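Heads up: the structure comes next, in structure tokens.
The values are calculated or read from the model by the stated rules, or taken from the named source; none is laboratory data. Because the structure is a prediction, the values reported are computed rather than measured. No Cβ is skipped: glycine too gets one built from the backbone with ideal geometry, and neighbour counts run over all protein chains shown. All accessible areas refer to the heavy atoms of the entire protein, side chains included, with ligands and DNA or RNA removed. Shrake-Rupley method; radii C 1.70, N 1.55, O 1.52, S 1.80 Å.
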Amino acid sequence: VQLQASGGGLVQAGGSLRLSCVASGSTVIAKVMGWYRQAPGKPRELVASRTSGGTAEYTDSVRGRFTISGDTNERTVDLQMNTLQFEDTGVYYCYAKFAFSSKDYWGPGTQVTVSS
């Protein structure tokens with residue numbers, strides 16, 4: 001299984017970006033798909049996740065500004081990021097969990113830079 005993300009970039013504070021991720025190499029429905037991020041000098045943190053049942057979770061700092069969507073049947077997940085803040089800067093990683101493995105699958109990361 002390979003995950004490929006797109007949509008990162010440079011944006012001014014207050015702006016918006018949309019990240020997209022697709023998992024290929026399997027026809028199995030993903031149990032969970034979501035996004036982590038890692039800022040310079042900080043540990044990787046969960047930003048948002050979405051289960052195959054449609055349940056979404058967000059870290060407190062992005063709730064109300066970010067929206068996760070997608071289709072686990074099709075193994076896609078998107079992250080709409082609005083009202084971006086400097087603190088949202090980091091490398092964003094798409095991830096997926098499948099029923100056939102306890103392993104987490106990760107994309108290579110996409111850079112999001114928010115200028116203040």
Report summary line: The aspartates and glutamates whose Cα lies under 20 Å from the Cα of Lys42, excluding any fewer than 8 residues away in the same chain, are Asp60, Glu87, Asp88
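Under a point-charge model restricted to the Cβ atoms of Lys and Arg (+1) and Asp and Glu (-1), what is the dipole moment magnitude of the range 74-115 relative to its Cα centre, in debye to the nearest 20?
Numbers: 3 positive and 5 negative charges, 46 e Å.
In total the dipole reaches around 220 debye.
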Report task. Would you please name the trypsin sites (Lys or Arg not before Pro) within the range 9-116 that are DSSP coil residues with at most 11 other C-beta atoms within 10 Å of their C-beta? Result -> Lys103
Report task. Among Cys94, Leu17, Val28, pick out the residue whose Cα is farthest towards the positive end of the charge dipole of the chain, where Lys and Arg carry +1 and Asp and Glu carry -1 on C-beta, about the Cα centre. Result -> Val28
Report summary line: Expressed as a percent, the accessible surface of the chain that is carbon or sulfur, using a 1.4 Å probe and the full set of protein chains, is 48 percent
Report summary line: Mean-square fluctuation maximum in Gaussian network of the chain, Cα pairs under 10 Å, restricted to Ser102, Ser16, Ser24, hits Ser102
**Report entry** Segment Ser24-Lys103, extension gain: residue separation times 0.36 nm, minus the distance between their alpha carbons
**Finding:** 26.9 nm
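Just subtract the alpha-carbon distance of Val1 and Ser16 from 0.36 nm times their residue separation and send over the number in nm, one decimal.
Numbers: separation 15, 0.36 × 15 = 5.40 nm, distance 2.93 nm.
Full extension of this stretch gives 2.5 nm more.
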Query raised in the report: Pick from Ser101, Ser20, Ser69: which residue has the top mean-square fluctuation in a GNM of the chain where Cα pairs under 10 Å get a spring?
Result: Ser101
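If we count every other residue with Cβ under 10 angstrom of Val32's Cβ, Lys/Arg +1 and Asp/Glu -1, where does the sum land?
Working: positive: Lys31, Arg50, Lys97; negative: Glu57, Asp104.
That sum, taken over residues with Cβ under 10 Å, equals +1.
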Query raised in the report: Which value, in debye to the nearest 20, describes the size of the charge dipole of the chain about its Cα centre when Lys and Arg Cβ atoms bear +1, Asp and Glu Cβ atoms bear -1, and nothing else is charged?
Result: 160 debye
Query raised in the report: Stretched out fully, how many nm does the piece from Gln85 to Leu46 gain, at 0.36 nm a residue minus the Cα gap?
Result: 12.4 nm
Query raised in the report: Tyr105: net charge of surrounding residues, Cβ under 14 Å, Lys/Arg +1, Asp/Glu -1, itself excluded?
Result: +3
